[in-house]
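Just so it is clear, none of the values below were taken in a lab; they were calculated from the coordinates. Nothing here was measured: the structure is a model prediction, and the numbers come from that model.
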Amino acid sequence: MKFIFPQNYNFKNKLFGILDYSSLILNIIWDVIIFILINLFFKSLNIKIFIFVLFCFPILLFSIIGFNHENIVYILIYIINYIKSPKLYLYSKN
């Protein structure tokens, strides 16, 4: 069985066909940081679970769904570049 892929087809490796590996690494790093901070400050298991889900689940959803299926790492890079040098372009019609 032969499959023919067009030359402009963008093939991305993904975990389970959902998450890019760069997004997965970003999520794991974020989850570990939040987990360490939660364990330092809170003793109750209920509070730990609530805060972990509160801070980690939205990031996971954004990395799965994305903004127009864009990688979350690229979105963060765009935001950081904009914060470093914000430029506002105004065009007026004559």
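For this structure, a couple of remarks:
- Computed extension length for F41-F62: 4.9 nm, one decimal, from 0.36 nm per residue of separation with the Cα-Cα distance subtracted.
- Debye log10 I(q)/I(0) at q = 0.15, 0.23, 0.28 Å⁻¹ for the range 24-94, Cα point scatterers: -0.66, -1.01, -1.17
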